[in-house]
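Just below is one structure, and these are the notes that go with it.
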Amino acid sequence: MNMTGFSTLLRKEVMRFGKVWQQTLGAPVLTALLYQLIFAQAIGKHVEALPGVPYNAFLIPGLAMMSMMQNAFANSSSSLIQSRITGNLVFILLPPISNAAFFSAYISAGIIRGLAVGLGILVCTAWFGLPVPAHIGFVLAFAVLGCLFMASFGLIAGIWAEKFDQLAAFQNFLIMPLTMLSGVFYSIHSLPAFWQGVSHFNPFFFMIDGFRYGFFGVSDVSPWTSIGVVLTCFIVLAVVTLQMLARGYKLRA
Amino acid sequence: MTAALHISHACKTYGNGFTALKDVSFDVAEGEFFALLGPNGAGKTTLISAMAGLSRLSSGNISVMGHDVQKDSYAARMSLGVVPQELVFDPFFTVRETLQFQSGYFGIHNNNDWIDELLHHLGLSDKADTNTRRLSGGMKRRVMVAQALVHKPPVIVLDEPTAGVDVELRHSLWTFMRKLNGEGHTIVLTTHYLEEAQENCERIAMLKKGELVALERTDTLLHNDKGVRIELLLTAELPQALLPKAVSQNGLRYVLTLDNYNEVADILIFLKTTGIGVQQMEILETDLEQVFINLTGAGA
């Protein structure tokens, strides 16, 4: 693998979102902070989502994970589609950068942005009562796996979509519903049995639940199950993405 | 000697059934300054995309410096620098950052000396720290040329490099390209400014509707062009019988295309018998544009 090509593409991608940090890092942190303020103030006193865990604290890991996922997705998808639409992707396709290096660079940049946003949210919302993580290993594992998964998803969306509208449709009609129905704002035990069952088909639920387990040591399903589901989903998406790249799908006619 | 560029039976049919290349074969020798010409839609950009690995041939193969562009893509891409036709740039970065990234993509660390040289030769030194989106179209085109050259490729492909750029850039670009060619780089050029091809290129390939219709030395192409063109300034309008031979008219000034020099005398006698005087007459030198029109029917 052309390691210099990989590291250069990664550096370029990180610099790209770093140059517009207000939009790529600042805005999602502010949005999460507003969610926390409004939800915690409006319903925090009336709800106990997990036994012994105040709603204010319950909400923080979910919001952080949700934002990490959304930003990992947004980073790879928006960067790729911008480069495709403006045409400058040609200068990345011309050099001898392997598909694996191309994939790894975009995914790594998505993880870095996702983790930066997540860290920002945890720091800014910690005063709402975030506990010291009970299992820091699970916190890190789900943060990285969640970003891996979503950055791969973003890469697929960026390759597939030919216009910004198509990418927006991907976000509005797939990512957003899956996110909202993933248990960011509630525990699935508060749902009727049918919807609890449906939630188990949503991979986003396992990311949120596992990440939350890392903080509270309590979760709706076993964190190992969640790790297994998220890892399997990532592997499937990675294989699909690498196949698309190998076939030159929409990138090399 | 290995051909810098070897194209063998290149065919390309797109998914919608459109055939862009039909069994195109030719070689470009190392150190050659070569032109690939043809009207819009002739298949030039498709062929360049296939050389660069941006698209895949339906059949046939292409190698750059002996490296197959599909089977040995790493070496082939390291050997090739391409200036794309579309004006593209990354709006997030400065000129220097863009060139540093491009060097890194080719696996090159610490390329600043060569980047500085490129900036100097392309008149970009004072724009090195300017964001690319703030540059004029011509300046952006210069950056694209620099991006294609960061890894000092032995084969350089320029797809319409002077489209929409000013005279100064054209001059400096061709001076720089001739310098690189003098140092042994092979240059392949497509252009709509045929005088650029005539002036710079030793050999020319012409494509028409995906087929190779000419592959000759430039001087041979010019010499072999059939027909003679004469420009006449008459005292009255050209007789109806001669109108089919007229290719252009400006008042009473006509350009006629004739089969050979013997016909010149016939025309002059005919005009005299019809009472039309000739105030001026000039036999026009054959240029590449005329050859291009004859071979590709571009003027039709």
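Please treat every number below as a calculation from the coordinates, not as lab data. Note that this is a predicted model, so its numbers are computed, not measured. Please note: Cβ atoms are built from the backbone with ideal geometry, for glycine as well, and neighbour counts cover all protein chains shown.
What the table below lists for this structure:
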read-out	value
For peptides B:30-39, B:109-118, sequence by mean Cβ density within 10 Å, most packed first	B:30-39, B:109-118
Beta bridges by DSSP in chain B, antiparallel share as percent, to the nearest 5	70
Mean-position separation - Cα centroids, segment B:183-248 and segment B:93-137, in angstrom	37
Average beta carbon contacts from partner chains per residue of A:74-83, 10 Å cutoff	1
Hz values of 3J(HN,Hα) by residue in segment A:72-83 - Karplus curve (6.51, -1.76, 1.60), Gly and Pro given as x	5, 5, 4, 5, 6, 5, 6, 4, 5, 6, 4, 5
Local net charge near A:VAL14, Cβ-Cβ under 13 Å (Lys/Arg +1, Asp/Glu -1)	+3
C-alpha center-to-center spacing [segment A:29-105, segment A:137-203] in angstrom	10
Shielding of B:97-105 by partner chains, average beta-carbon count, 10 Å	6
Relative packing of peptides B:100-106, A:80-86, A:145-151, B:125-131 - highest average C-beta neighbours within 10 Å first	A:145-151, B:100-106, A:80-86, B:125-131
Among B:53-59, B:238-244, A:109-115, the order from most to least packed when residues are scored by Cβ within 10 Å on average	A:109-115, B:53-59, B:238-244
Partner chain coverage, peptide B:82-94 - average Cβ within 10 angstrom	4
Helix-only [θ]222 nm of chain A, DSSP H runs n ≥ 4, -39500 (n - 2.57) each, per residue, nearest 500	-23500 deg cm²/dmol
